[in-house]
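A.B. asks: First, the structure itself, so that you have it in front of you.
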Amino acid sequence: MDQLDQITAVIALSMGAAWASGINLYATILVLGLMGNSGTMVLPQTLQIVQEPIVIGASALMYVVEFFADKFPGVDTGWDTIHTFIRIPAGAALAAAATGGVDPSISLAAAIVGGTLTAATHATKAGSRVLINTSPEPVTNWAASLSEDVVVIGGLWVALNHPLVFIGLLIVFILLLVWLLPKLWRGIKKVFAAIGRLFSGKKSAEVVQEPPQIEPPT
């Protein structure tokens with residue numbers, strides 16, 4: 001039974017870190033680092049690097065930057081686009097490190113699954129922000145951003161303290177993603193199509209003046 005509990009805890013920590021990284025990578029590293037550094041939980045040796053003061057300081061700084069960048073329409077989408085190349089590999093690395101490095105094949109499998117999960121949560125976050133940005137007021141951006149921060153912190157706490165509950169919720173979340181992502185993609189295509197029509201409409205509205213035709217003398 002103890003071995004089963006240990007396996008469950010490793011899966012929850014590994015997939016929890018990957019899932020949370022797709023939403024807010026810096027909050028994920030900061031929460032894990034603070035919990036490990038304070039002795040609230042014992043991180044696997046391969047993950048203990050996140051509890052080093054310099055890593056905690058860097059993740060705290062970047063979390064503050066993202067906190068503000070994530071609140072403004074357009075800026076948040078640009079930030080998410082750049083972080084496509086940061087969150088996904090970092091999520092895969094955290095998932096692999098969370099296994100404790102007991103077996104290279106297990107770590108590689110965790111990196112593959114974790115990277116995919118990070119990509120899915122990142123795509124959901126970035127896609128939903130594109131749709132939210134069609135609203136002219138900033139309240140929805142603030143509400144979405146703050147909700148994401150709460151979800152990341154709360155989700156990691158559940159993963160670390162109630163692994164089975166987290167795994168169950170993660171399964172439900174993945175099923176929701178399978179249903180939601182195609183709808184998000186169709187919505188994003190409509191947004192970009194509308195933007196394209198807007199610019200093409202401006203072009204077609206321009207009147208091109210042709211030089212006057214001179215009739216030959218009769």
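The values are calculated or read from the model by the stated rules, or taken from the named source; none is laboratory data. None of the values given here were measured: they were computed from a predicted structure. Because the Cβ atoms are built from the backbone with ideal geometry, glycine has one as well, and the counts that use them run over all protein chains shown. All accessible areas refer to the heavy atoms of the entire protein, side chains included, with ligands and DNA or RNA removed. Shrake-Rupley method; radii C 1.70, N 1.55, O 1.52, S 1.80 Å.
Rundown of residues vs (1) closer than 18 Å to Leu164 by Cβ; (2) open to solvent by less than 20 Å² (accessible area, probe 1.4 Å); (3) free of Cβ contacts under 8 Å to residues at least 40 places away in the same chain, yes/no style:
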site: Gln6; (1), (2), (3): yes, no, yes
site: Leu13; (1), (2), (3): yes, yes, no
site: Tyr26; (1), (2), (3): no, no, no
site: Ile29; (1), (2), (3): no, no, no
site: Thr40; (1), (2), (3): no, no, yes
site: Gln45; (1), (2), (3): no, no, no
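A.B. asks: Only one of (1) of a type in the set (A, V, I, L, M, F, W, C); (2) open to solvent by less than 50 Å² (accessible area, probe 1.4 Å); (3) farther than 23 Å from Leu169 by Cβ fails for Leu61. Which number is that?
C.D. replies: Failing condition for Leu61: (2).
A.B. asks: Another question, then. What number of residues within the stretch 80-110 are more than 17 Å from Trp19 (Cβ to Cβ) and open to solvent by less than 40 Å² (accessible area, probe 1.4 Å)?
C.D. replies: Taking the stretch 80-110 as the starting set, the residues that turn out to be more than 17 Å from Trp19 (Cβ to Cβ) are 81-82, 85, 100-108.
Next cut, open to solvent by less than 40 Å² (accessible area, probe 1.4 Å) only: 100, 107.
Qualifying residue count for the region: 2.
A.B. asks: Let me ask you something else. Can you go through Thr28, Thr46, Thr40, Thr8 and tell me which one is outside any helix (DSSP H, G or I) and not hydrophobic (A, V, I, L, M, F, W, C)?
C.D. replies: On the way: Thr28 fails: outside any helix (DSSP H, G or I); Thr46 fails: outside any helix (DSSP H, G or I); Thr8 fails: outside any helix (DSSP H, G or I).
It is Thr40.
A.B. asks: Taking the criterion of being in contact with a Leu (Cβ under 6 Å, 6 or more places away or on another chain) and either open to solvent by 30 Å² or more (accessible area, probe 1.4 Å) or at pLDDT below 90 (or both), would at least one residue in the stretch 131-141 satisfy it?
C.D. replies: Taking the stretch 131-141 as the starting set, the residues that turn out to be in contact with a Leu (Cβ under 6 Å, 6 or more places away or on another chain) are none.
Within the stretch 131-141 (the criterion being in contact with a Leu (Cβ under 6 Å, 6 or more places away or on another chain) and either open to solvent by 30 Å² or more (accessible area, probe 1.4 Å) or at pLDDT below 90 (or both)), the answer is no, since none of the residues qualifies.
A.B. asks: Please indicate, with yes or no, whether at least one residue in the stretch 99-110 is under 19 Å from the mean Cα position of the chain (by Cα) and in a helix (DSSP H, G or I). If you could, list the steps in order and put the result at the bottom.
C.D. replies: Looking only at the stretch 99-110, we keep the residues that are under 19 Å from the mean Cα position of the chain (by Cα), and these are 110.
Those still in the list that are in a helix (DSSP H, G or I) too: 110.
The answer is yes; a qualifying residue exists.
A.B. asks: In the stretch 132-175, how many residues are part of a helix (DSSP H, G or I) and either under 22 Å from Leu13 (Cβ atoms) or β-branched (Val, Ile, Thr) (or both)? Before the answer, list the steps.
C.D. replies: Here is the first cut: in the stretch 132-175, the ones part of a helix (DSSP H, G or I) are 132, 139-161, 163-175.
Then keep just the ones that are either under 22 Å from Leu13 (Cβ atoms) or β-branched (Val, Ile, Thr) (or both); that gives 132, 139-140, 148-161, 163-175.
Qualifying residue count for the region: 30.
A.B. asks: Further, regarding this structure: So, in the stretch 67-79, how many residues would count as being under 12 Å from the mean Cα position of the chain (by Cα) and either open to solvent by less than 30 Å² (accessible area, probe 1.4 Å) or over 25 Å from Ala144 (Cα atoms) (or both)?
C.D. replies: We begin by selecting, within the stretch 67-79, every residue under 12 Å from the mean Cα position of the chain (by Cα); these are 70, 76-77, 79.
Cutting the leftovers down to either open to solvent by less than 30 Å² (accessible area, probe 1.4 Å) or over 25 Å from Ala144 (Cα atoms) (or both) gives us 70, 76.
Residues in the stretch 67-79 being under 12 Å from the mean Cα position of the chain (by Cα) and either open to solvent by less than 30 Å² (accessible area, probe 1.4 Å) or over 25 Å from Ala144 (Cα atoms) (or both): 2 in total.
A.B. asks: Which residue is nearest to Pro73 (Cα to Cα), if the candidates are limited to the stretch 142-156 and must be touching a residue at least 60 places away in the same chain (Cβ under 8 Å) and open to solvent by 20 Å² or more (accessible area, probe 1.4 Å)?
C.D. replies: Ranking the candidates gives Trp142 first.
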